[in-house]
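Scroll down for the structure; my scribbles are underneath it.
Rule-based calculations on the coordinates, nothing more; no lab input. If you're wondering where the values come from, they're calculated on a predicted model, not measured in any experiment. Quick reminder, even Gly has a Cβ in these numbers, built from the backbone with ideal geometry, and neighbours come from all protein chains shown.
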Amino acid sequence: MQYDVIVIGGSYAGMAATLQLIRARRTVLVIDAGERRNRFASHSHGFLGQDGVAPGEIVANARRQLEAYPTLTWLEGRAEAVTGQLDEFTVTTSNGGSHRARRILVATGVADQLPAVDGLAERWGKSVFHCPYCHGYELDQGRIGILGASQISIHQAELLTDWGDVTLLVNGAAELSQEARSALERRGVTIEDATIDRIDGHADVAMADGRLLRFTGLFAATRSSPASPFAEAMGCALEETPMGMQIRTDAENKTSVAGVFACGDVARAPHSVSLAVGNGAMAGVHIHRSLLWPEPVASTQVEGRNR
């Protein structure tokens, strides 16, 4: 069969878009590899109505609600290639399946490139975070360490002073002008210029000079990029943001390829569950309207592969 829409990525943004489409009685296939960006976190915060709920529980409940609609098909798997053009796309999956659709929505999310600090990856989402609005409150105004990753770390250190006693661990990752140092000091930020050796315990930072700095929690400004490369392979233009690369979209969630839309973290910054859900819901509305009132466009043939 030919679906109205194939949604690639069944996390928060993809599901929010899907809900709008199936409530409009459109046929939707969701292809999901089950790799949510916040899968490492035990609880989700800052999402109205779901504050403090485990991410896996939020996703499972949302999927149950979607599956109550008869026009939804959910496929657990990975999209491997997208080919075709407006109204005639084909998506092949890792199990060799082939599926056709009039529209494509890319909602794969992003992958985080973590700072190269020993012990960080094992604590990501548990005691090392990236979003103060999602995790700052639970630190109860304790000692917060900012792991230097880029110039964004300076902004992150200033911002987090509303959540606790902040130390910026520069670690050679950012250049601090005297003006930046003065601004940080005015905000009460302690600046630590020594090199980090590793992270131990819950959130203890072992310095190269032998000192051990203990923190309630740590934050790191990661750099992100689309979790799967097939959007770029299809010809979707990317753009650089302070947080990394994302798919370029317009106000209607359209990419540079006719009939291909994108939403959530892969297409919008800043990133959070709430913002992904809102953007996904709007993407669903825009896709539905494109099916009702298609715009005349030049034919665009798409070829691409995803690992």
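For this structure, a couple of remarks:
- The range 136-229 shape via C-alpha gyration tensor axes, a/c threshold 1.5: rounded
- Ordered by the number of other Cβ atoms lying within 10 Å of each residue's own Cβ, fewest first, I287, I6, I152 fall into the sequence I152, I6, I287.
- Net charge, I31 excluded, C-beta distance under 14 Å - Lys, Arg +1, Asp, Glu -1: 0
- Neighbour-count order for E295, E252, E232, fewest beta carbons within 10 angstrom listed first: E295, E252, E232
- Three-way shape label, the range 60-105, alpha-carbon gyration tensor, a/c 1.5: oblate
- Comparing G46, G210, G148 in a Gaussian network model of the chain where C-alpha atoms under 10 Å apart are linked, the largest mean-square fluctuation is found at G210.
- Helix 273-292 axis, angle to the chain major axis (alpha carbon atoms, nearest 10°): 20 degrees
- Cα-based helix-to-principal-axis angle, 12-23 vs the chain, degrees rounded to 10: 30 degrees
- Comparing Q246, Q141, Q178 in a Gaussian network model of the chain (Cα springs below 10 Å), the most mobile by mean-square fluctuation is Q178.
- Efficiency of FRET between W293 and R25 - r from beta-carbon atoms, R0 25 angstrom, step 0.05: 0.90
- Free-standing Cys residues across the chain, given no other cysteine C-beta under 4.7 angstrom: C236, C263
- D140 versus S182: modelled label distance in nm, points set 7 Å from Cα along the beta carbon direction: 3.8 nm
- Ranking of R223, R64 by neighbouring Cβ atoms within 10 Å, starting from the fewest: R64, R223.
- Of the residues A267, Y137, L292, the one whose Cα sits farthest toward the positive end of the charge dipole of the chain, with +1 on the Cβ of Lys and Arg and -1 on the Cβ of Asp and Glu, is L292.
- Look at where the Cα atoms of the range 133-210 and of the range 231-291 average out, and the two centres are 32 Å apart.
- Label-to-label distance, A208 versus Y69, with points set 7 angstrom from Cα along the beta-carbon direction: 5.4 nm.
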